[in-house]
1. Once phi is turned into ³J(HN,Hα) by the Karplus curve 6.51 cos²θ - 1.76 cosθ + 1.60 with θ = phi - 60°, what whole-Hz value does each residue of the stretch 175-188 show in order, with x for glycine and proline?
2. Translational D (Stokes-Einstein, µm²/s) of the stretch 90-241 at 37 °C and 0.692 mPa s when Rh comes from the Kirkwood sum over C-alpha pairs?
3. Sorting VAL346, VAL150, VAL388, VAL55 on the 10 Å Cβ count, fewest up front, what's the list?
4. So for the stretch 55-179, Kirkwood radius off the Cα pairs, Stokes-Einstein at 25 °C and 0.890 mPa s: how many µm² s⁻¹?
5. Kindly put TRP378, TRP383 in sequence by how many other C-beta atoms sit within 10 Å of each C-beta, fewest to most.
6. Would you mind checking the tilt of helix 109-129 against the longest principal axis of the Cα atoms of the chain, expressed as 0 to 90 degrees and rounded to 10?
7. Give me the dipole magnitude in Debye, nearest 20, for the chain about the Cα centre, with unit charges on the beta carbon: positive for Lys and Arg, negative for Asp and Glu.
8. Go ahead and estimate [θ] at 222 nm for the chain from helices alone: -39,500 (n - 2.57) per DSSP H run with n ≥ 4, summed, over the residue count, rounded to 500.
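Derivation of every value follows stated rules applied to the coordinates shown; laboratory data play no part. Owing to the predicted nature of the structure, the values given are computational and were not obtained by experimental measurement. Methodologically, a virtual Cβ is constructed for each residue, glycine included, from the backbone with ideal geometry; neighbour enumeration extends over all protein chains shown.
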Amino acid sequence: MKRFVLLLLACGTAAPEEVPLAANDEGGEEAFESACLGAPTASPIVLPEVTEADVLHCDDIQPRGGTASRRDRRARESLAAARSAQREHRYLEAVSSFHTARAVAPEDAGVLAELGWAQVLAERWCEEEFDADNYDDEDPTQVACADLGVLTGVETLQRAAERARDPGRRGAIHYNLARAVEAREDVREHLRISLCLRPDNDTVRRAFAARLWSAGLSIWDDRPEALRLMRAATLFDAERRATLDELRQRYERPFALEAIPSDPEDVYPTVEALCRARLGEDQPSLCEVGEWFEDEGWALGSLALPDTELESGRLHLLLARTARGVQVVAELGNEISGDRLSHAYVEEPDIGFLDVGGVLLADVSWQRGQADANGCDWALNAWMEMLVCANDDAGPRCFASGNLGPVPYSSGDLLPTVDDSLGRCEHARVDDEPFDPAPSFNVSLGEDEIVIEREHDGAMWCLPSRETLCGFPGAPSGC
């Protein structure tokens, strides 16, 4: 079967060329007014023009002049020992040897910078190894961790940056400061200074681009500034240009209704008979439809059955009931709970019926989500889906589907699963609002027209209901 997709182009409002007429209560005719008349139209993303100079503002960084001086032999020996200890992850020994070199060459900004970075590494190691609330002053290693120096590693690096005169060395110190500080704004500022001092350093350019990009993602709701930052990132890392193009395409994605192949399902006399066929004779208690939604000779309802392929999962089904019996018309998704690596949920669907020019249709929408663990981090994604279903001489079936876009993850039983998983991790994160530029849509199926509204900008599209839905393969015979 050929793939049939109805795309609503994101270039403007689609409104009927002729205003259709509808009967009023007195039997006359009144003009039907489309919801799209006067509604906002969609506009594509326009990327701002930016230059490296606009982003870096290097004029505020004053040159100091000078080059690195020749080091004392004793300082070189202590530096060699310190660097060897640092490579072997003996961070406390490295700090001690750097202090020795510092005593020999107190004015050497390079030695001070290496001491600062060694302190940063030692501080991180000590934090991971020991609990500050359970300090043991008889443990020589803990005592050494508490006595790394009067200044913290970041403070030592900042003092080194103030003393350094050689541009290359200053740039390297600011790069390490970017790796050491925690505040996002400080990280970006140190990378900016490092790049101004070393404009051809590819490592710094990529790191600066990554910070600009993540800053843009973090303020995506402020679209102009977000796009300015992300466009700027492409100046320093050319590989991000393709990513930005993909993001724009996803952001401008039109709403699509896609035809569903019609594969007739077996019809059973009762829901219990359907369950026995799927699960066996000993599972009648698991077969219960919460609520049937009925209209003119048929009804729709949802049923969750144990998934035979997933030990802790359930498969959610959309059932139809007619005079012929009960049958499955669609799978709504999988539910997974009690698993340390994944979680999924499917909410109960909203089901409504409408008469479109004498053709009785059902509009079904529901939310589903999927969460996955990547090491000690969880990423949560959820979205809305819809189906258009019908019942005619061929029986009940769903013939069109659409993705309404991302929504917040809202499963109530996720937390115990995540807590159980993250309990094995020292550092963990739950990203409950992952970035997804794809738009969300509100779609209303009416007797006269289908109204599609894009949430983030209110842009609307309208299509005549009967002509649109009856154009799908597998549309009801009443068309």
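1. Along the stretch 175-188, the couplings run 5, 5, 4, 4, 7, 9, 6, 9, 5, 4, 5, 5, 4, 5 Hz.
2. Details: Rh = 17.0 Å.
After rounding, the answer is 193 µm²/s.
3. Working: VAL346 22, VAL150 7, VAL388 25, VAL55 19.
Sorted ascending by nearby Cβ count, the order is VAL150, VAL55, VAL346, VAL388.
4. Values: Rh = 15.4 Å.
It comes out at roughly 159 µm²/s.
5. On the way: TRP378 24, TRP383 17.
Result, fewest neighbours first: TRP383, TRP378.
6. Helix 109-129 sits at roughly 50 degrees to that axis.
7. Numbers: 46 positive and 90 negative charges, 764 e Å.
My answer is approximately 3680 debye.
8. -11000 deg cm²/dmol, from helical runs alone.
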